[in-house]
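Undergrad: First the structure, which I've put down as structure tokens, then a few questions once you've had a look.
The values are calculated or read from the model by the stated rules, or taken from the named source; none is laboratory data. Please read all numbers here as calculations on a predicted model, not as lab measurements. Virtual Cβ from ideal backbone geometry, glycine too; neighbours counted across all protein chains shown. Only protein heavy atoms, including side chains, enter the accessible area calculation; ligands, DNA and RNA are left aside. Shrake-Rupley method; radii C 1.70, N 1.55, O 1.52, S 1.80 Å.
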Amino acid sequence: MDKKFDDLLNSVFGTKKTLEKMEKEHKKSGDLVSELEQMSKQMDQLIKENSRQMMKNTSKQMDKLQKNLKEDMLEETPKEIDFSDLEIKLKEIMIGQDRFIHQLVIAFKRAKVAGNRIGKIKNNILVLGKQGTGKQLVLDKSNELLYLLGEVKSKNLHIMDLSLYPSQGEEKLFLQDLFALLSKSDSILVFLNFEQCFTGYLSMITQLLKTGKITLNKRYILNNHQLVESTNVLSSDSIGSLEANQQYLVFVSDQSLSQLTAKLGTKFIQLFGDICETNAFSEEEVVEITAQQQAAFIQRCLNQLQIDVNVDPKLENTVLKKYDSQQGIESIQYQYDKLYQGLVELKLQETRSIEKVTIQSDMSVLVDEIVYPLDHLLPNQSNLELQQVIDELDTIIGLKEIKEYILSLKDHYEIMKLREQSGFKTSDISKHMIFTGNPGTGKTTIARIVSRYLKAIGILESGQLVEVSRGDLVGRYVGHTAPLTKQVVESALGGVLFIDEAYSLYRGKEDSFGLEAIDTLVKCMEDYREQLIVILAGYTKEMSEFLEANSGLKSRFPNIIEFPDYTAQELLDITLNIATSKDYQIDEECLLPLLNYYEEKQKTDSQRSGNGRMARNLIEQAMINQAKRLIVEKEAPINQLKLSDFDFVK
């Protein structure tokens, strides 16, 4: 038809030209005009027919386009989540927790089947199990997979540690953090250590679990996206409640269900739609997990460091011997993380290209017949750090027997490592200590050095010193002491917990709070025996009475170290050291009078005078007196302390 249409147009245009010519010739033929009119009518008819056909074609094209759009939209619509695949993938990631994973998948699936548990809460889930049994790993991977499937909007878990709010004084911070957490819609919210938070905040959490929201007893408004208390009672944009927003609320605890029920009650436990609990790993599962971690370590080295790692077949056995049931799989991961960091250091420090290594059974690294001990590769475990601690110990005046005892710990530790490598049984000695003696005899100073020394020789993981007293361990109301004490203990894991004036924890049989703190401490020492060293300090007599407060207390502290009072000569040496450290010199005329002064003070009051604090106080006062003197004696040496600067000279 298109061809006919074109031919007709050409014919028309040709005829028009002819007509024009004929008109110029005074219209010589009238018949030609009639023919032209007839052809014009035919052209109009063809135009109409062609237009109708074009409309039909356009309509068909539109129908086809709409059909394609509908198909595209259907393809973009999220498919129904296959929770069976979710469970399979999680079981591939986490060995030995099939029952727990099955329970957790059902907990996430429940809202899809039965609808939200209450209000805008999809489900309340309680996750239980000991540390290191994979709870956090499974939750992390569950969130990642649910995000890919479109069930949650956030790539990561949103976590709130409720142990950070132990008292009523953190209310504003607690509400601000909880408000920020609940603003994460369509996500998984994880609450840790909920049994350790202030009871008032736990009541709010209980209300959230029951009703899906928390009614606030004060007016709040939003300021820079933060919840702040409002002083304007007429404010129209005030916030009266905090509400969930299409979320899963997951509460995680290391305690068992029976322990939580005894502490928080049955009614609290009944608020959860699902309770999922991990189990301890069997020996076979630990072996399988170790093999999995080792394979992941080898792949990580190849991908990130471009190092082809070959391992001695006995390496797995070495790592398995370091498995700690209290830490679980984390203790295995820690060993392979150390190996990875060692290879990182090797690659950074070596100028030659490192492409292939062998990890030997003792975790040393073999490269082209050169052996690199792992401890030498890791900067935090170098001999330099150990030597620095020993040098600092040498600078301390006196305490000869105490120094010898501390240094002997290294010998015992090295012998035990040799026995272990040779296949012999090893016996660990208790490293908990009691420091007794008068104030100012160096107990706290030695405790700090002990923590760093034990870290340097590999007994402790991190080597921090957490120094506390009764007020840090004993709560202010019933039920507060045990979680408070446990929280303090956990902050010291990998280091030393130093309790000064420890005897103050026990004020007699009527002191129930103090006894609860002691009982909790004893239990934690057993639970974390491989991760913690506890040092108690106090007066000799009072500490002896304190050890009778708990039947298991004394047996856990076999190392009782008496800190003697300093001699007069030692106090003089301490005085000189303090002055030097402050960039002062003590005039020689002061030495004999200072020695006589210390001897006299010890005769009259050895309990308070035979310590380093007296020497420090004496020097600081002399510095003040010297400053006054220099106002008058303008030409006198600015860094010299003279006899007249000391207060004992009258």
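Undergrad: Just give me the residues in segment 460-480 being surrounded by fewer than 20 Cβ atoms within 10 Å (Cβ to Cβ) and either within 16 Å of Leu393 (Cβ to Cβ) or among the charged types (D, E, K, R) (or both), in sequence order.
TA: Keep residues of segment 460-480 that are surrounded by fewer than 20 Cβ atoms within 10 Å (Cβ to Cβ), which gives 461-462, 464-472, 475-480.
Within segment 460-480, Glu461, Leu465, Glu467, Arg470, Asp472, Arg476 qualify.
Undergrad: Please work out if Lys210 is outside any helix (DSSP H, G or I) and either under 23 Å from the mean Cα position of the chain (by Cα) or surrounded by fewer than 21 Cβ atoms within 10 Å (Cβ to Cβ) (or both). Outline the logic, then answer.
TA: Values: outside any helix (DSSP H, G or I): no; either under 23 Å from the mean Cα position of the chain (by Cα) or surrounded by fewer than 21 Cβ atoms within 10 Å (Cβ to Cβ) (or both): yes.
Answer is no for this residue.
Undergrad: Would you pick out the residues in segment 272-309 that are surrounded by fewer than 19 Cβ atoms within 10 Å (Cβ to Cβ), of a type in the set (A, V, I, L, M) and within 28 Å of Leu126 (Cβ to Cβ)?
TA: The answer is Ile275, Ala280.
Undergrad: Search segment 253-271 for residues being in contact with a strand residue (DSSP E or B) (Cβ under 9 Å, 6 or more places away or on another chain) and polar (S, T, N, Q), and hand back the single one that is most open to solvent (accessible area, probe 1.4 Å).
TA: Initial filter on segment 253-271 (in contact with a strand residue (DSSP E or B) (Cβ under 9 Å, 6 or more places away or on another chain)): 253-257, 259-260, 269, 271.
Narrowing the set further to residues that are polar (S, T, N, Q) leaves 253, 255-256, 259.
Working: Ser253: 3, Gln255: 33, Ser256: 36, Gln259: 83 Å².
Among them, the one singled out is Gln259.
Undergrad: Okay, next question. Can you find a residue in segment 81-90 that is in contact with a Ser or Thr (Cβ under 6 Å, 6 or more places away or on another chain) and either at pLDDT 80 or above or open to solvent by less than 90 Å² (accessible area, probe 1.4 Å) (or both)? Give the steps one after another, and end with the answer.
TA: First pass over segment 81-90, keeping only residues in contact with a Ser or Thr (Cβ under 6 Å, 6 or more places away or on another chain): none.
No, segment 81-90 has no match at all.
Undergrad: Conditions: (1) in contact (Cβ under 8 Å) with a residue 12 or more places away in the chain; (2) polar (S, T, N, Q); (3) over 29 Å from Leu164 (Cα atoms). Thr485 meets all but one. Number of the miss?
TA: Failing condition for Thr485: (3).
Undergrad: While we're on this one: Please enumerate the residues belonging to segment 207-239 that are over 30 Å from Glu277 (Cα atoms) and at pLDDT 80 or above.
TA: Thr215, Leu216
Undergrad: Among the residues of segment 177-198, which ones are in a helix (DSSP H, G or I) and surrounded by 15 or more Cβ atoms within 10 Å (Cβ to Cβ)?
TA: Step one: filter segment 177-198 for residues in a helix (DSSP H, G or I), giving 177-182, 194-196.
Scanning segment 177-198 gives Asp177, Leu178, Phe179, Leu181, Leu182, Phe194, Glu195, Gln196.
Undergrad: What pairs can you find where one residue is in segment 187-207 and over 23 Å from Asn156 (Cβ atoms), the other is polar (S, T, N, Q) and assigned to a strand (DSSP E or B), and their Cβ atoms are less than 8 Å apart, with a gap of 6+ or different chains?
TA: What qualifies is Glu195/Ser253; Gln207/Thr215.
Undergrad: Say whether the condition of being of a type in the set (A, V, I, L, M), free of Cβ contacts under 8 Å to residues at least 60 places away in the same chain, in a helix (DSSP H, G or I) and under 30 Å from Leu260 (Cα atoms) is met by at least one residue in segment 342-352. Can you show your working first?
TA: From segment 342-352, those of a type in the set (A, V, I, L, M) are 343-344, 346, 348; that's our starting set.
With free of Cβ contacts under 8 Å to residues at least 60 places away in the same chain added as a condition, the list becomes 343-344, 346, 348.
Subsequent filtering for residues that are in a helix (DSSP H, G or I) retains 343-344, 346, 348.
Then drop every residue that is not under 30 Å from Leu260 (Cα atoms), which leaves none.
No - not one qualifying residue is present in segment 342-352.
Undergrad: Here is a further query. If I ask for residues that are in a helix (DSSP H, G or I) and open to solvent by 40 Å² or more (accessible area, probe 1.4 Å), which ones from segment 324-337 would you list?
TA: Step one: list which residues in segment 324-337 are in a helix (DSSP H, G or I), which gives 329-337.
Passing the criteria: Glu330, Gln333, Tyr334, Asp337.
Undergrad: Would a scan of segment 601-619 turn up a residue that is in a loop (DSSP other than H, G, I, E, B), in contact (Cβ under 8 Å) with a residue 24 or more places away in the chain and crowded, with 18+ Cβ neighbours inside 10 Å? Lay out the reasoning, then the answer.
TA: At the first step, the residues of segment 601-619 found to be in a loop (DSSP other than H, G, I, E, B) are 610-611.
Okay, now just the ones that are also in contact (Cβ under 8 Å) with a residue 24 or more places away in the chain, so 610-611.
From what's left, crowded, with 18+ Cβ neighbours inside 10 Å: 610-611.
Yes, segment 601-619 contains a residue that is in a loop (DSSP other than H, G, I, E, B), in contact (Cβ under 8 Å) with a residue 24 or more places away in the chain and crowded, with 18+ Cβ neighbours inside 10 Å.
Undergrad: Let me spell it out: the conditions are (1) modelled with pLDDT under 80; (2) in contact with a Gly (Cβ under 8 Å, 6 or more places away or on another chain); (3) not in a helix (DSSP H, G or I), and Lys431 meets all of them except one. Which number is the exception?
TA: Just one mismatch for Lys431, condition (2).
Undergrad: Another question, if that's okay. So which helices (runs of 4 or more DSSP H) stay within segment 261-323 end to end and still have 2 or more residues that are of a type in the set (A, V, I, L, M, F, W, C) and farther than 20 Å from Leu346 by Cβ?
TA: 266-269, 283-300
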